[in-house]
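Inspection log for the structure reproduced underneath, given as structure tokens.
A short reminder: the numbers here are calculations on the coordinates, not readings from a lab. Quantities reported herein were computed from a predicted structural model and do not represent experimental measurements. Glycine also receives a Cβ, built like all others from the backbone with ideal geometry; neighbour counts cover every protein chain displayed.
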Amino acid sequence: MATAAFETPKLKSYPVIPLVQVGAMSHLKPFVASGPIQTALGFPEALVDDWQEKAIAKMGEMLSKYRSLQVYMDACVHCGACSDKCHYFLGTSDPKNMPVARQDLMRKVYRRYFTFAGKHFPQLVGAVDLTREVLDEWYSYFNQCSECRRCSVFCPYGIDTAEVTMAAREIMASIGLGQKYSNEIIGKVHRIGNNLGIPGPALENTLEGLEEDTKDDTGVDVKFPLDVKGAEVLLITPSADFFSEPHVESLIGYAKVFHAAGISWTLSSHASEAGNFGMFIGNYEQMRNISMRVREAALELGVKRIVVGECGHAWRVAYSFWNTLIGPFDFLDQRYPVPQHICEVTDDLIGRGALQFDKEANDHRIITFHDSCNVARASRMGNMPGGQFVIPRRIITSVANHFHDMAPETIHESTFCCGGGGGLLTDDLMELRVKGALPRMEALKHVVDDHGVNFMAVICAICKAQFTKVLPYYGFNMSMVGGVHQLVSKAIRLGDK
Ligand code: SF4
Ligand code: SF4
């Protein structure tokens, strides 16, 4: 691993609120999207001449379209309840990474142009002009928010900083100041079909290779079908599952579950990506266009169910937005949730006794579970409140003997972000990613020290990639992170169907 050009924070007991260091992260901003990346998404290729006027007009449009944004701008009483809840503030000490301060970057501009007091007495109400300096601060600090929503859990008014961040990014992209990482990936989905840019033939080869490897490992013909018309289930999974470690281990797990339960399934080369970075940049049109491939694939293949693999933000988009954006799904089998999470499928099969496990196969692992933000705070699973917390843990304890949760204030709806969500999983933000992972690393260290935990299970492709990269900064082994279905894969009993 290359030496970091910044200091990795020391692991401390938690919760410790840091002394503020003004401007500690003001130097950090992600690469700006180039002209071709921007224009491929219909955005201006560079900052337009009349950017200030256009940005204010766009803000006005969004305030009238999204009433929640208007409420968030007006409702904050600066009580400070959110100020120490952001992992990026806790990890960087930069006061502009306090959620309320992040919101205020937009609120000050909102007041200047959209309130009576701000128009006439700006100094009295802390209103500011949208200057180039302010815009640069927006670009820096709205790209230091992973849209994880932890702060909103603690806000007495339910103000959602993630939505403010999304709105700010949408405004910036619309005037030609887009973020390279997210916008480039969205372009790849439109052009090639998935975030990693894997063309159809390469995907086919990969799946054939996985069939051979799984046969070698188990002696069983577990299939990884692609574009099979008439299959019961269409699996939409993050493209990282096809190539990346440890992601691919979970894909093998899903395939084994379908095999063991005798469920016919298929992947789609047209919709070979569950991820949807349209949400990260706050752009509903992009989110809809990316999602539409799923509906088209489901209709084309004539499937009865759509199941989503281990990916946090993809599940949020699917659970919270698909029905509105690309529904209705009246052509699917209504006896199943639409859409359905792979954990719901596996949990249901376990509950009905349709899967058998050798739990001892995971005895070398002492496991904890990291709740991913978008699953924990922006979606649900099963038919009970909090099902998204219960179901993954119930699967883990069905397939393994040793499980310990991390401290209660760091899990479930209070979970800390991995530090790489919301379109920040890029090397140009590595300092932020490492520092933002601090609260989760501290909670992990406690269960490592107290219980000997050596494996952190997750159900998010971004969490897997982020933790693999940042765990070594804190002295942990990168291979101690993996998917819930990686554990399922290890323990499941297979028989020829
Ligand atoms: S949404 Fe998450 S990353 Fe953004 S300010 Fe709130 S706690 Fe921080
Ligand atoms: S908790 Fe809510 S009301 Fe209080 S400062 Fe934060 S955003 Fe404002």
Of all DSSP beta bridges located in the chain, what percent are antiparallel, nearest 5?
10
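Could you order peptides 161-173, 184-196 by the average number of other Cβ atoms within 10 Å of their residues, highest first?
161-173, 184-196
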No partner Cβ under 4.7 angstrom, meaning no disulfide-compatible partner by this rule: which Cys of the chain qualify?
CYS76, CYS79, CYS86, CYS145, CYS155, CYS311, CYS343
Starting from the Cα of LYS445, draw a straight line to each of the aspartates and glutamates and keep only those under 18 Å, dropping any in the same chain fewer than 8 residues away.
ASP371, ASP405, GLU409
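Need one word for the stretch 370-463: rounded, prolate or oblate. Basis is the Cα gyration tensor (sqrt eigenvalues a ≥ b ≥ c); a/c below 1.5 gives rounded, then a/b vs b/c decides.
Oblate, because a/c is 1.5 or more while a/b does not exceed b/c.
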Taking H as built 1.01 Å from N, whose amide H comes closer than 5 Å to the amide H of ASP94, not counting residues under 5 places away?
GLN21
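According to the square roots a ≥ b ≥ c of the eigenvalues of the Cα gyration tensor, what is the shape class of the stretch 1-131, taking rounded for a/c under 1.5, prolate for a/b larger than b/c otherwise, and oblate for the remainder?
The shape class here is oblate.
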Would you pull out the residues with amide H under 5 Å of GLY126's amide H, same chain only if 5 or more places away, H placed 1.01 Å from N?
none
Given the options VAL484, VAL153, GLY422, identify the residue whose Cα lies farthest towards the positive end of the charge dipole of the chain (+1 on Cβ of Lys, Arg; -1 on Cβ of Asp, Glu).
VAL153
Based on the Cα gyration tensor of the chain, what are the three equivalent ellipsoid semi-axes, each the root of five times an eigenvalue, rounded to whole Å and given largest first?
38, 26, 20
Sorting LYS215, LYS469 on the 10 Å Cβ count, fewest up front, what's the list?
LYS215, LYS469
Can you list residues from other chains, or at least 5 along the same chain, whose modelled amide H is less than 5 Å from the amide H of GLN179?
ALA33
Can you compute 3J(HN,Hα) from phi for each residue in the stretch 320-328, using the Karplus curve 6.51 cos²θ - 1.76 cosθ + 1.60 with θ = phi - 60°, rounded to whole Hz and x for Gly and Pro?
9, 10, 4, 4, 6, 6, 10, x, x
With the dipole of the stretch 35-178 worked out from charges on the C-beta (+1 for Lys and Arg, -1 for Asp and Glu) around the Cα centre, which of LEU177, ALA46, TRP138 lies farthest toward the positive end?
TRP138
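How would the stretch 308-420 be classified by its alpha-carbon gyration tensor: rounded, prolate or oblate, with rounded meaning a/c under 1.5 and the a/b versus b/c comparison settling the rest? Spell out each step's value before the answer.
Details: a/c = 2.48, a/b = 1.31, b/c = 1.90.
It is oblate, given that a/c is not under 1.5 and a/b is not larger than b/c.
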Taking the Cα centre of the stretch 23-146 as the origin, how large is its charge dipole in debye, to the nearest 20, when only Lys and Arg (+1) and Asp and Glu (-1) carry charge on their Cβ atoms?
380
Give LYS29/LYS58; LYS188/LYS229; LYS58/LYS464; LYS108/LYS180; LYS54/LYS188; LYS180/LYS469 a once-over and call out the pairs whose C-alpha atoms are over 32 Å from each other.
LYS58/LYS464
